[in-house]
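Peer 1: For reference, the structure I am asking about is given below.
None of the figures in this text is laboratory data; all of them are computed from the coordinates on show. Not measured: the values here are computed from a predicted model. Here the Cβ positions follow ideal geometry from the backbone for every residue, glycine too, while neighbour counts run over all protein chains shown.
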Amino acid sequence: MTSTSSIAPENTPSSQNTSVSVAPYGSQPNANAQISRKPISLPRLREMHKQAEKITMLTAYDATFAAVADAAGVECLLVGDSLGMVCQGLSSTVGVSLETMRHHTECVANGLRRANGTAWLIGDLPFGSYHESKEQALRSAVVLMQAGAHMVKLEGGGWTEETVRFLVERGIPVCAHLGLTPQTVHALGGYRVQGKTNESASLLKRQAAALQDAGASMLVLEMVPADLSAALTQELDHCPTIGIGAGNGTAGQVLVLHDMLGMNLGKMPKFVHNFMQDSGSISGAMQAYVAAVKNGSFPNNAAHAW
C-alpha cells in the first residue's frame, strides 16, 4: 500500500523555498502579537508623565528578550550594566566594559529592528567610561548611540551635572540615576537604602533638581524611601522619575529582567515580584508586569526594605 506525506521531497521547489523563508533560530514574536503603538519618543514620554500614565521599563540584554518585551507593551528597555551580574557572573557592575555595553546594546537594537519594535532604548554608561571628563563621556555616549541606543544613563549627582549638560547640548538624551548607585557600591558600604536621613534626603533633592536643570530627561531613583521618591516626582515637573525599590509614587518603574522572572541566583530584593510564577510564560509575565505598573498594584510599598 502506498502512503502520502505532507513533507515535500528534499529537492522539490517547495522544500527549497521553505528552507529559506524563516530564520531557523531566535524567531521574533508574531507580528499579530505586537501591540499597536507609535514608536516611543521623548515627547511621548513627557506626555505620559504629564497625563500621569505610568511608564514601564525593563532591562534587556539580547535581541529575543528585547523583542518579546516590546511586544508585551514595555515602553522603555534599559541595557543595564547589571548584565555584569546576570550575564557575566560578576560580583558587581564595576567590571563591565564599554565594549561589552556596546555589544549588548547592539544586540537589543537589532532585536527591536527585526521585530519592528517601538520601545525607547537606553544604554548604561559603565564605570570608568564618563568619570575622567565630559569629553570622555561624550566619546563613550557616541559608542552606545551608534550601537542603537536612543538615550544614555549615568550614575551620580553633583559632579555629573556638567557632564549631563554637555551631552544634552550635543543632542544626546540623558537619563540620570540617584539613590543607590551600584557603580559606587564600595563607597556606599554595600547595597543600602539611600536618603533615610534629613541631610541625605535634602542632598538628593538638590541633586535631582540640578540634574533636571542640566537637561536630564529621565531620572532613575533606586532604593529610596517612598515618601522621598514621591516628593521628588512631584517637584520635577519635566523629568519623569523611574523607581526601583523606591515605592509606587514615581512616574514609572524598572526591574531587572531576570529578577521579575524569578531567575535571581542570589538573594531576591524585597521589592521584586516574581511575575513568572503567576503567568506561566515569559511574555505573559511581561504583560502582567506592564498591567501591574499601569494600574498601580506594583510595587507594593509594604514589601520594601525601608
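Peer 1: Output the qualifying pairs, or none if there are none: Cβ atoms under 7 angstrom, residues six or more apart or on different chains, first residue in the stretch 192-212 and in contact (Cβ under 8 Å) with a residue 60 or more places away in the chain and over 13 Å from P225 (Cβ atoms), second residue surrounded by fewer than 17 Cβ atoms within 10 Å (Cβ to Cβ) and not hydrophobic (A, V, I, L, M, F, W, C).
Peer 2: none
Peer 1: Then there's this: For the stretch 262-301: of the residues being of a type in the set (S, T, Y) and in a helix (DSSP H, G or I), which is nearest to A251 (Cα to Cα)?
Peer 2: The qualifying residue nearest to A251 (Cα to Cα) is Y289.
Peer 1: Which of the residues belonging to the stretch 157-172 are touching a strand residue (DSSP E or B) at 6+ places or on another chain (Cβ under 9 Å), farther than 25 Å from L228 by Cβ and assigned to a loop (DSSP other than H, G, I, E, B)?
Peer 2: The one that is touching a strand residue (DSSP E or B) at 6+ places or on another chain (Cβ under 9 Å), farther than 25 Å from L228 by Cβ and assigned to a loop (DSSP other than H, G, I, E, B): I172.
Peer 1: Checking M276 against (1) in contact (Cβ under 8 Å) with a residue 40 or more places away in the chain; (2) surrounded by fewer than 19 Cβ atoms within 10 Å (Cβ to Cβ): exactly one of these is not met. Which one?
Peer 2: It is condition (1) that M276 fails.
Peer 1: Here's a follow-up. Name the residues in the stretch 55-71 that are surrounded by fewer than 21 Cβ atoms within 10 Å (Cβ to Cβ) and either closer than 18 Å to L221 by Cα or among the hydroxyl-bearing types (S, T, Y) (or both), would you?
Peer 2: Scanning the stretch 55-71 gives a single hit, T64.
Peer 1: Count, please, the residues in the stretch 45-54 that happen to be touching a residue at least 60 places away in the same chain (Cβ under 8 Å), surrounded by fewer than 21 Cβ atoms within 10 Å (Cβ to Cβ) and part of a helix (DSSP H, G or I).
Peer 2: Within the stretch 45-54, residues that are touching a residue at least 60 places away in the same chain (Cβ under 8 Å), surrounded by fewer than 21 Cβ atoms within 10 Å (Cβ to Cβ) and part of a helix (DSSP H, G or I) number 2.
Peer 1: Kindly establish whether T105 is buried (at least 20 other Cβ atoms within 10 Å of the Cβ), of a type in the set (S, T, N, Q) and under 26 Å from M286 (Cα atoms).
Peer 2: Answer is yes for this residue.
Peer 1: Go through (1) within 17 Å of the chain's Cα centre (by Cα); (2) at positive phi one by one and return the number of the condition Y289 breaks.
Peer 2: For Y289, the exception is condition (2).
Peer 1: Looking only at the stretch 238-257, which residues are within 14 Å of T59 (Cβ to Cβ) and of a type in the set (A, V, I, L, M)?
Peer 2: Of everything in the stretch 238-257, those that are within 14 Å of T59 (Cβ to Cβ) and of a type in the set (A, V, I, L, M) turn out to be I242, I244, V254, L255, V256, L257.
Peer 1: Next up: Give me a count of the residues in the stretch 205-254 that are part of a loop (DSSP other than H, G, I, E, B) and either under 19 Å from the mean Cα position of the chain (by Cα) or of a type in the set (G, A, S) (or both).
Peer 2: 14
Peer 1: Sticking with this one: In the stretch 177-191, which residue that is in a strand (DSSP E or B) and free of Cβ contacts under 8 Å to residues at least 60 places away in the same chain is farthest from M218 (Cα to Cα)?
Peer 2: Checking each candidate, the answer is L178.
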